[in-house]
1. Say whether the condition of being within 19 Å of the chain's Cα centre (by Cα), of a type in the set (Phe, Trp, Tyr) and not assigned by TED's automatic domain parsing to the domain that holds GLU232 is met by at least one residue in segment 156-172.
2. Restricting to segment 177-203, name every residue that is more than 20 Å from the chain's Cα centre (by Cα) and either surrounded by 19 or more Cβ atoms within 10 Å (Cβ to Cβ) or in a loop (DSSP other than H, G, I, E, B) (or both).
3. Hey, LEU57 hits all of (1) farther than 29 Å from ILE162 by Cβ; (2) modelled with pLDDT under 85 but one; which does it fall short on?
4. Answer yes or no: is there a residue in segment 217-230 that is within 19 Å of ASP138 (Cα to Cα) and surrounded by 14 or more Cβ atoms within 10 Å (Cβ to Cβ).
5. Using the structure shown, decide if LEU57 is under 30 Å from LYS183 (Cβ atoms) and in contact (Cβ under 8 Å) with a residue 12 or more places away in the chain.
6. Among all residue pairs at least 6 apart or on different chains, which show Cβ distances below 7 Å where the first residue, located in segment 215-242, is without any contact (Cβ under 8 Å) to a residue 12 or more places away in the chain and more than 18 Å from LYS145 (Cβ to Cβ) and the second is acidic (Asp, Glu) and assigned to a helix (DSSP H, G or I)?
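The values are calculated or read from the model by the stated rules, or taken from the named source; none is laboratory data. Just so it is clear, the model here is predicted, and its values are computed rather than measured. Backbone-built Cβ (ideal geometry, glycine too); neighbour counts: all protein chains shown.
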Amino acid sequence: MLYDTWYMLYLFHGNNTVKTHDKAYSLAQNLLAKKPDASIFTLNTEGWHKDRLVELLQSQGLFMGNYIVCVDIRAFSADDLATVVDFAKDMKNSSHVFIILSTSVSKKTLQAFERHADKIQEYSDVAREDKRDFRLTDTLVLKDKKKLWTLYREALALGKEIEEIHGLLYWQVKNMLLVSKSKNPEEAGLKPFVFSKTKQALQKYKIEEIENLSFNMVRVYHEARQGRVDFEVGLERVLLSL
């Protein structure tokens, strides 16, 4: 059975952000059901620090000594992502379960996790991506707030799912972060055309703006899932804040 072994390292990634998120957190809940005395922690960009990861790696739970640690790296900077990758072996060898959650990862990052992860699962919807309207991402790259808002409302009026719109926009933001820290398409794990097109964004954005946009995209997603904000309204506010 897949979850019989407790001490494991998992990586869930892919451009289908909704399914990736749901599968990762479903695993966490399944593990918690098997060991209800275990403690569960989530590490993401909010309050992230390497020392917190080190603390969890070295700590023991109060009761059974088991932790379930979800590390959501979808909005991490390249430096923070590198830190998580550096600790992959330690997470694998720890006495706890570590679940890494990401969008599509670069070839370099995937290879690093392949050396240590017990389970890697990708959830990518290639067919759906091919049918997407990339006018939204093109306008995001150009930082044309007025046109972006118009296209956003148009997509909603045409019946596009808010999760699909968010996933497409976040895919572009993630690419912008990757390109800002990479020398070439191979290092970024992107196709040359996508790399070249995304690099244009760096002429319109400061790196701090891209990181902040990435953080807000992840934040609004989680707040919507928790019922704290209307997804359509929350995402609209993020786009209007550009």
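1. Looking through segment 156-172, none of the residues is within 19 Å of the chain's Cα centre (by Cα), of a type in the set (Phe, Trp, Tyr) and not assigned by TED's automatic domain parsing to the domain that holds GLU232.
2. Scanning segment 177-203 gives LYS183, ASN184.
3. Among (1) farther than 29 Å from ILE162 by Cβ; (2) modelled with pLDDT under 85, LEU57 violates only (2).
4. yes
5. no
6. VAL229/GLU223
Table: residues versus (1) assigned to a loop (DSSP other than H, G, I, E, B); (2) modelled with pLDDT under 80.
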| site | (1), (2) |
| --- | --- |
| LYS89 | no, no |
| PHE98 | no, no |
| SER104 | yes, yes |
| LEU110 | no, no |
| ILE120 | no, no |
| GLU129 | no, yes |
| ASP133 | yes, yes |
| VAL141 | no, no |
